[in-house]
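Quick notes on the structure that follows.
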Amino acid sequence: MEGVRRNHMDTLKQLLKAADERRRHVRVPVEIHVECYCDGQHARVLRTLDLSESGVFLVVDPITMPGIGGEVELQVVGTLGGGETPPRVRARVVRVTDEGVGLEFLP
């Protein structure tokens with residue numbers, strides 16, 4: 001029985017490693033404050049947990065956000081290096097956890 005359990009754990013580890021290797025873009029742990037606009041509500045200031053070229057993870061009570069497939073708009077709080085206003089970026093909810101939501105940037 002112990003051998004079967006060990007084989008299952010080895011298989012799980014291999015699957016997790018393969019899934020991580022398939023990731024298109026590297027996630028960078030970074031805390032940035034962003035304004036989040038969803039469902040016609042006023043903007044809420046949230047913080048990021050990590051960021052990649054294709055998306056971002058926001059620390060938020062997931063019950064206050066749209067479900068998977070829902071769309072939001074994000075804008076970095078403040079100004080950019082040259083004093084420009086940051087653009088608003090559309091994103092779709094692709095992952096929900098107890099810590100928050102993973103968003104994929106949309107074109």
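Quick note: the coordinates plus some simple rules give every number you see, no bench work behind them. These numbers were taken from a predicted model, which means no experiment stands behind them. For neighbour counting, all protein chains shown are included, and Cβ atoms are generated from backbone atoms with ideal geometry for every residue, glycine included.
Tabulated data for the structure shown
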read-out	value
Spin-label pair Thr64/Arg92, simplified geometry with 7 Å Cα→Cβ offset, distance in nm	2.5 nm
Length added when fully stretched, Leu106-Glu71, from 0.36 nm per residue minus Cα-Cα	11.7 nm
Label-point gap, in nm, between Gln41 and Glu84 - each point 7 angstrom along Cα→Cβ	3.0 nm
Built amide H within the under 5 Å cut-off of Val96, gap 5+	Gly102
